[in-house]
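Asks: First the structure, then my questions, so here it is.
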Amino acid sequence: MTKAIWTAVGLALAATTFSAPVHAGPFDKLKSKVKKIEKKAKEVEQTAAQAEDIVETVSGKKRRGSSRRAGVGRSADGSYCNANLGSNSNSPCSARAPDHVGGAGPVPAKFTGQLNCANLGIGNAFVGRDGKYTFSKGISTEERSGLIERRDVQATNGCLYSGLAVGDVLYVEVDKAKYDKHAYSIQCVSYDGSEQLDNVNGPRINNYKGKDVMLHTGHSLGYEPTATGSNSQRSGAYDALLNKRGRTMLTFNFGALHTDKSGTDFFCQWFNDKTGKSALAVAYRRGPQG
């Protein structure tokens, strides 16, 4: 049946080579043929794909959620599109996303039961992504990098931020007078206990500065406050703002590991081994991409 379908495809394409207008010049005829062939090819490909789907469904060969192209699924309108490979797209793809995509699952009780949060006044947290944004100065437009696609998040269990994924950047604030950054180190254990991460392979801590939070005045993303000047000037302005409020910022971001094809969920805590308490804890899913 499939062979017959593609035989029909070939005949349909061949038929298009004999339909140029008589009055057209040689180049016009060629252009007309090319356009008609391209249009016919798309129509035939769609028809063949639909027919092949029917054949596979009837024969029982087509599995639910499967696709002939890895990472590509059929959208609601019948076209093909990326199967939500960790993006924020609203594309109505129906294909199943790879196992690694998405945030960490629920944190096992063996971890939450041991979590002991330090009283640092943690709050004002959001999760964002590192990306480019533009701002206007008069009639000119300039580009900078910073934390975009932000969403506010709330801690659970006192200081736990869960459901994080590759590419996420967690921003939190703590009381400056209570926090000694030199007293803390990262601890990360996979949910199943088979893997531990150290400072090198675990989440990156404090990679982001004030300029990534306080974007340049004139941007259109709606984040406040803003400031003008260079990156270093904006970072200085944001530090001054935090100091005035008696706060300091922390960031945690989660990199990819291309060999972790299926994704691994980790529980991590920013831990003070002298007090046995954590400034905060995170749960994230590592994978080859976000």
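The values are calculated or read from the model by the stated rules, or taken from the named source; none is laboratory data. What you are looking at is a predicted structure, and each value in this text was computed from that prediction instead of being measured. Note: ideal-geometry Cβ built from the backbone for every residue, glycine included; neighbour counts use all protein chains shown.
Asks: Within the group D273, D239, which residue is in contact (Cβ under 8 Å) with a residue 12 or more places away in the chain, of a type in the set (D, E, K, R) and under 22 Å from G113 (Cα atoms)? Write out each step before concluding.
Replies: Details: D239 fails: under 22 Å from G113 (Cα atoms).
Matching residue, one of D273, D239: D273.
Asks: Could you run through segment 185-237 and say how many residues are buried (at least 19 other Cβ atoms within 10 Å of the Cβ) and part of a helix (DSSP H, G or I)?
Replies: Qualifying residue count, segment 185-237: 6.
Asks: Further question on the same structure: Could you tell me whether K181 is assigned by TED's automatic domain parsing to the domain that holds H258, over 23 Å from A104 (Cβ atoms), touching a Leu at 6+ places or on another chain (Cβ under 9 Å) and charged (D, E, K, R)? Break it down stepwise before answering.
Replies: Values: assigned by TED's automatic domain parsing to the domain that holds H258: yes; over 23 Å from A104 (Cβ atoms): yes; touching a Leu at 6+ places or on another chain (Cβ under 9 Å): yes; charged (D, E, K, R): yes.
Answer is yes for this residue.
Asks: Can you name every residue in segment 151-171 that is more than 24 Å from G263 (Cβ to Cβ) and part of a strand (DSSP E or B)? Can you show your working first?
Replies: Going residue by residue through segment 151-171, those that are more than 24 Å from G263 (Cβ to Cβ) are 152, 154, 158-159.
Across segment 151-171, the qualifying residue is only D152.
Asks: Please indicate, with yes or no, whether at least one residue in segment 238-248 is of a type in the set (D, E, K, R) and surrounded by 15 or more Cβ atoms within 10 Å (Cβ to Cβ).
Replies: Applying the first criterion (of a type in the set (D, E, K, R)) to segment 238-248 yields 239, 244-245, 247.
Cutting the leftovers down to surrounded by 15 or more Cβ atoms within 10 Å (Cβ to Cβ) gives us 239, 247.
Checking segment 238-248: at least one residue is of a type in the set (D, E, K, R) and surrounded by 15 or more Cβ atoms within 10 Å (Cβ to Cβ).
Asks: Moving on to the next point. So if I check each of Y80, Y133, Y171, which one is on the phi < 0 side of the Ramachandran plot, modelled with pLDDT under 95 and aromatic (F, W, Y)? Show your work before the answer.
Replies: Details: Y133 fails: modelled with pLDDT under 95; Y171 fails: modelled with pLDDT under 95.
Criteria check complete, one pass: Y80.
Asks: Can you find a residue that is touching a Pro at 6+ places or on another chain (Cβ under 8 Å) and in the same structural domain as L257 (by TED's automatic domain parsing) anywhere in segment 201-208?
Replies: Step one: of segment 201-208, the residues touching a Pro at 6+ places or on another chain (Cβ under 8 Å) are none.
No, that holds for no residue.
Asks: Which one of these is under 28 Å from A283 (Cα atoms) and either in contact (Cβ under 8 Å) with a residue 12 or more places away in the chain or not acidic (D, E) (or both): R245, R144, R234, R151? First the steps, then the outcome.
Replies: On the way: R245 fails: under 28 Å from A283 (Cα atoms); R144 fails: under 28 Å from A283 (Cα atoms); R234 fails: under 28 Å from A283 (Cα atoms).
Only one candidate qualifies: R151.
Asks: Tell me, yes or no, whether segment 254-266 has at least one residue that is modelled with pLDDT under 95, crowded, with 19+ Cβ neighbours inside 10 Å and at positive phi.
Replies: Yes, segment 254-266 contains at least one residue that is modelled with pLDDT under 95, crowded, with 19+ Cβ neighbours inside 10 Å and at positive phi.
Asks: Considering only residues that are touching a helix residue (DSSP H, G or I) at 6+ places or on another chain (Cβ under 8 Å) and assigned to a strand (DSSP E or B), which ones fall in segment 252-280?
Replies: Passing the criteria: F267, N272.
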